[in-house]
Structure formats: C-alpha cells, structure tokens
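The values are calculated or read from the model by the stated rules, or taken from the named source; none is laboratory data. Predicted model only: the values in this text are computed from it and were never measured. As a convention, Cβ positions derive from the backbone with ideal geometry for all residues, glycine included, and neighbour counts pool all protein chains shown. With ligands, DNA and RNA removed, areas are computed over all heavy atoms of the protein, side chains included. Shrake-Rupley method; radii C 1.70, N 1.55, O 1.52, S 1.80 Å.
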Amino acid sequence: MRAYLTYAERKIIGYMQIRLGPNRVGPKGWLQPIADAVKLMFKEIIIPSGSNKFLFLLAPILVLAPALAAWAVMPFTAEMVLANVDASLLYIMAITSMGVYGVVVAGWLPIPNTLSSAPCARRRKSCRMKSPWASRWWAC
C-alpha cells in the first residue's frame, strides 16, 4: 500500500512539474514500485576506501533499530500490543534517544577528500544532537 502511495505522489509531482511521471513499467506505470524495489535490492553497496567498514555498516543499524524497536510497545488496537510494558512511555523515550548514537558514529566516519571541507563541523553537529551545550566546549 505504501509503495502505491509513493507512486501516487510521484504522479502528482509529475503533473505539477508538467511531465509524465512514472509511466514506463507496466500499464500506466503501475509496476513502478516493484521495479524500484528490485532496483534497490540489487544496488551496489559502496564503502569509502578511507572509512572503517564495521562502523560504516553499523551506523544505519544504530539509527533504524531503535526507531523500529519503539513500535514494540505502541498499541495498534485496544487489545493488540506487541509487548505490554508497564513503563512503555519511559521505554519509548529511552529507546528513541538511542538513535542519536548512529548519527554520532556517522559523524566520526572519515569522508573522501572531495567532501572534507568541514569534518570538524560534522563532529560538532553530531555532538550537538546529544547535548546542545557539549558542542560549545568541543575543540577540533
């Protein structure tokens, strides 16, 4: 369902920009979401040569895992809850704040020389996500 909402969004944006939008795959472009999924599955993973491979692959997991884990205590209906935790609000606040660490790890990863105009600024921004005051004492 979500894929076809994306398809509708692309059609509307195409109409607003006076172009056709997705129309190449299937009748009227209805198979475009499936083509996008296949393209995404077979896309090459490019790891920068100067980066730590483990941290490069760990950073997106550290961002997505807490966001998905927070849904464990969200009630879908009055009877349907994946995990019935008494302190669910505390759990949601704690687990969603863990997603910041993925951004911090990504801020510490080296980047290619073509993009290294401000590596210290990236570290300050990742530090600011944890605490707005911590970046004031940060020195590169």
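Brief remarks on what is shown
- Annotation for Ala67 and Asn52: the two label points, set 7 Å from Cα along the Cα-Cβ direction, are 2.3 nm apart.
- Those trypsin sites (Lys or Arg not before Pro) in the stretch 1-94 that DSSP places in a loop and that have at most 11 other beta carbons within 10 Å: Arg19, Arg24, Lys43
- Which of Asp36, Asp86 is most accessible, then next, and so on - probe 1.4 Å: Asp86, Asp36
- Taking Cβ atoms as reference points and 13 Å as the exclusive limit, the residues near Ala8 contribute a net charge of +3, counting Lys and Arg as +1 and Asp and Glu as -1.
- Per residue, the stretch 31-110 exposes an accessible area of 74 Å² to a 1.4 Å probe, with every protein chain left in place.
- Once the chain from Leu40 to Asn23 is taken as fully extended at 0.36 nm per residue, the excess over their C-alpha distance is 4.3 nm.
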